[in-house]
1. Applying the selection to region 168-184, what residues are in contact (Cβ under 8 Å) with a residue 40 or more places away in the chain, in a loop (DSSP other than H, G, I, E, B) and crowded, with 24+ Cβ neighbours inside 10 Å?
2. Can you give me the number of residues within region 203-253 that are touching an Asp or Glu at 6+ places or on another chain (Cβ under 7 Å) and assigned to a helix (DSSP H, G or I)?
3. Out of all the residues in region 95-113, which are under 16 Å from ALA62 (Cα atoms) and outside any strand (DSSP E or B)?
4. Would region 134-147 turn up any residue that is surrounded by fewer than 18 Cβ atoms within 10 Å (Cβ to Cβ), charged (D, E, K, R), closer than 27 Å to ASN20 by Cβ and out of contact with any Asp or Glu (no Cβ under 8 Å at 6 or more places or on another chain)?
5. Any residue in region 68-78 that is at pLDDT below 95, assigned by TED's automatic domain parsing to the domain that holds VAL192 and surrounded by fewer than 19 Cβ atoms within 10 Å (Cβ to Cβ)?
6. If you take the residues of region 94-130 that are within 21 Å of LEU141 (Cα to Cα) and touching a Cys at 6+ places or on another chain (Cβ under 9 Å), which of them is surrounded by the fewest Cβ atoms within 10 Å (Cβ to Cβ)?
7. Collect the residues in region 114-145 that are closer than 22 Å to VAL171 by Cα, basic (Lys, Arg) and outside any loop (DSSP other than H, G, I, E, B), keeping them in residue-number order.
Amino acid sequence: MDAYLRRFWRRCSAIVAPGNELAREIRERLGRPPPPIVRVIPTGIAVADLAELPAVDPRPAAGWPADSVVVAALGRLAPEKSVDLLVEAFAEVARSDPLARLLVVGSGPSEAALRRRAREADLAGRVHLTGQLPRPEALALIKGADLFMAASRTETQGLVLAEALAVGLPVVALDGPGVSDSLRDGVDGLIVPAAPAADRRGRLAEAVRGLCRDPGKRASLADAARAGADRFSVSARIGEVVSLYRELLAERS
């Protein structure tokens, strides 16, 4: 497959990659002679629709107090998404922050184990797993939370991060593929260093705890998230693809 892909890529005028990590990998695998253009153009999202989506407060359905600070996660519940790391990081937050709650939206092979973990004494009543939901319902619930947390190490782009930012949530994310393509560290969220691996849980917990305790900072990051969301729009991405075609055609002519 590797040899086939290199032959295929070399017959292209340009290659579109959804994130910088994948673009770098493609360039490295192409090697020399000089490869075709490799341009990073992530998948666009419906920013305007997300802005108009009514938020749904997750607290009543979960049985949480109205003043709970809700940390949300969204995606497939599988080992490669590191949802267990999110839950354990939240457990550290929960020990010192009585108002903190964790909303996990999605389903997958890790769901049963996560539900068992959520029933243990230190997390009982503090974690709510919704199971699989239609996309609009899932995003409406996420929009009703206070911040978003992610730790996946297997993404090609930060699409779920872009969606969280577009609905106005500050994001705390473990650094990894696609994260810096979507998240502006210190502007609309916090990027947590992935190394050293042994202390990832503690660093995630510290970042989340800091935002849970600072509503002013959350509000500032949320405002920046909404203000900068147009960079993810479908129309912006289409414009980038059109510009690439025009660039190639101009070179050819």
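The values are calculated or read from the model by the stated rules, or taken from the named source; none is laboratory data. All values reported here derive from a predicted model rather than from experimental measurement. Here the Cβ is made from the backbone with ideal geometry for all residues, glycine too, and neighbour counts use every protein chain on show.
1. Those that are in contact (Cβ under 8 Å) with a residue 40 or more places away in the chain, in a loop (DSSP other than H, G, I, E, B) and crowded, with 24+ Cβ neighbours inside 10 Å: LEU169, PRO170, GLY178.
2. 8
3. PRO98, LEU99
4. There is at least one residue in region 134-147 that is surrounded by fewer than 18 Cβ atoms within 10 Å (Cβ to Cβ), charged (D, E, K, R), closer than 27 Å to ASN20 by Cβ and out of contact with any Asp or Glu (no Cβ under 8 Å at 6 or more places or on another chain).
5. Yes - at least one qualifying residue is present in region 68-78.
6. LEU99
7. ARG135, LYS143
Each row is one residue, and each column tells you yes or no for (1) farther than 16 Å from LEU141 by Cα; (2) in contact (Cβ under 8 Å) with a residue 60 or more places away in the chain.
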{"position": "GLY19", "(1), (2)": "yes, yes"}
{"position": "GLU52", "(1), (2)": "no, no"}
{"position": "PRO79", "(1), (2)": "yes, no"}
{"position": "VAL83", "(1), (2)": "yes, yes"}
